[in-house]
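Below is one structure, written out as structure tokens; comments come after it.
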Amino acid sequence: MVVQTLRSIGGYVGAVAGTPARVIAPRPPVRREYDETLRTLSEASVEKYFNAFKDVDWDAPEMAVAEDDERWILPPLDLLGAHPWYQSLPKARQIEVGRHRLTAMVKTGSQFEQLLLLGGTQFLMGVENGDPEFRYFMHELTEETHHIQMFQEFTNRVCPDVAGAPGWLMRTIPLVGHLGGLYPALFFAIILAGEEPIDHVQKEVMRSGGTHPLLDRIMAIHIAEEARHIGFAHAWLEEHAPDLNRVSRLALGVLTPLAMRLGADAIIIPSRADRELMGMPDSVVREVWGEGAEAAAFRRHLFADVRMLFDNLGLRTPLTGWAWRALGVDGRPARFRAAPPTAAA
Ligand SMILES: [Fe+2]
Ligand SMILES: [Fe+2]
């Protein structure tokens, strides 16, 4: 009775003041399986975590960065590394362009993770007391701060000229951050749009034998912790997407492939500033990452897991499928999460 009265007063005061009415916070709902997943993720974050300056031996002799180190040459699995323009460059230029390209992806990854912090803290402002989402996601943001430190330190040491993310992304990051509070479902889809391509590329590079030991160490740490982050984004969407209204679901089904395409291109294709620094002609950019079959197949591979998730959630439907096709991120869904490329799309 007292509680109801207080809530009514709160509603009245809130309505008058134009602020959300909340005197006594509601208890978060009990979601047994989901809460168990969050507990497992949180405990794993406490048991296994990395510190950017303790767990990377930056000054070890084998980590030294030499300008003529051939391990910076791009492997053929990279679309640029396989292109005749790159392969015809003198070895010193291949090293220079390779070092710049790899660092540009690292720097863009760090800028993306800064966006995640920005939107992530806004998301957490809306999480109720007692909700285990708060604890786990705070662990995730803590880990991202170490990833950003690690990526920035790598950039400083390996190629400090690098620009990173394209200008349009840098200008929209403050706006996208607000989605963490306003439309968290799209925010979590955007997290996947950044994390899935980075994770995919890092795993491919490591499977093919790796690069320089400093980059390999950073990638190994990142792959280990991103598994939790990607797992949480999937779990959050599985838990909350079914509660969205029809308009929000439709918007999510259409805007997610847009986020995927923009996110993948921002991470994979060097920005104009970086292309100029690398001396890469525009025609090469078009041939490598344009509408060719190889570039299109590569892009589709990146999001097989997200397609599986959106199929399971009923968000990739005849009403939204056109957007996935138009944006070049359609294809077969993965059969299971983190499946190797041959088993996916
Ligand atoms: Fe990260
Ligand atoms: Fe992450």
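The values are calculated or read from the model by the stated rules, or taken from the named source; none is laboratory data. Bear in mind the structure is a predicted one, so any value in this text is a computation, not a measurement. Methodologically, a virtual Cβ is constructed for each residue, glycine included, from the backbone with ideal geometry; neighbour enumeration extends over all protein chains shown.
Look at residue 251 and say whether it is within 16 Å of ligand 2 (Cβ to nearest atom) and of a type outside the set (S, T, N, Q). So residue 251 fails the test.
A search for C-beta distances below 6 Å between a residue of region 218-240 that is closer than 19 Å to residue 141 by Cβ and at pLDDT 95 or above and any residue that is near ligand 2 (Cβ under 9 Å from one of its atoms) and among the aliphatic types (A, V, I, L, M), counting only pairs 6+ apart in sequence or on different chains, returns 233/191. The set of residues from region 247-281 being in a helix (DSSP H, G or I) and small (Gly, Ala, Ser) comprises 248, 251, 253, 259, 263, 264, 266, 273. When region 185-216 is filtered for residues that are under 14 Å from the mean Cα position of the chain (by Cα) and hydrophobic (A, V, I, L, M, F, W, C), the ones remaining, listed by number, are 186, 187, 188, 189, 190, 191, 192, 193, 198, 201. Restricting 82, 165 to residues that are assigned to a loop (DSSP other than H, G, I, E, B), closer than 30 Å to residue 283 by Cβ and within 16 Å of ligand 1 (Cβ to nearest atom) narrows the list to 165.
Reported count of residues in region 279-293, each being touching a residue at least 40 places away in the same chain (Cβ under 8 Å) and loosely packed, with under 13 Cβ neighbours inside 10 Å, is 2. Cβ separations smaller than 9 Å between residues 6+ apart or across chains give the following pairs from region 56-71 residues that are over 24 Å from residue 94 (Cβ atoms) to residues that are of a type in the set (Lys, Arg) and surrounded by 12 or more Cβ atoms within 10 Å (Cβ to Cβ): 56/217; 57/217; 58/157.
For (1) hydrophobic (A, V, I, L, M, F, W, C); (2) away from ligand 2 (no atom under 16 Å from the Cβ), each residue gets a yes or a no:
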{"position": "172", "(1), (2)": "no, yes"}
{"position": "177", "(1), (2)": "no, no"}
{"position": "193", "(1), (2)": "yes, no"}
{"position": "198", "(1), (2)": "yes, no"}
{"position": "201", "(1), (2)": "yes, no"}
{"position": "206", "(1), (2)": "yes, yes"}
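Quick grid of which residues meet (1) within 16 Å of ligand 1 (Cβ to nearest atom); (2) assigned to a helix (DSSP H, G or I); (3) surrounded by fewer than 18 Cβ atoms within 10 Å (Cβ to Cβ):
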site	(1), (2), (3)
95	no, yes, no
98	no, yes, no
107	yes, yes, no
113	yes, yes, no
128	no, no, yes
133	no, yes, no
144	yes, yes, no
161	no, no, yes
170	no, yes, yes
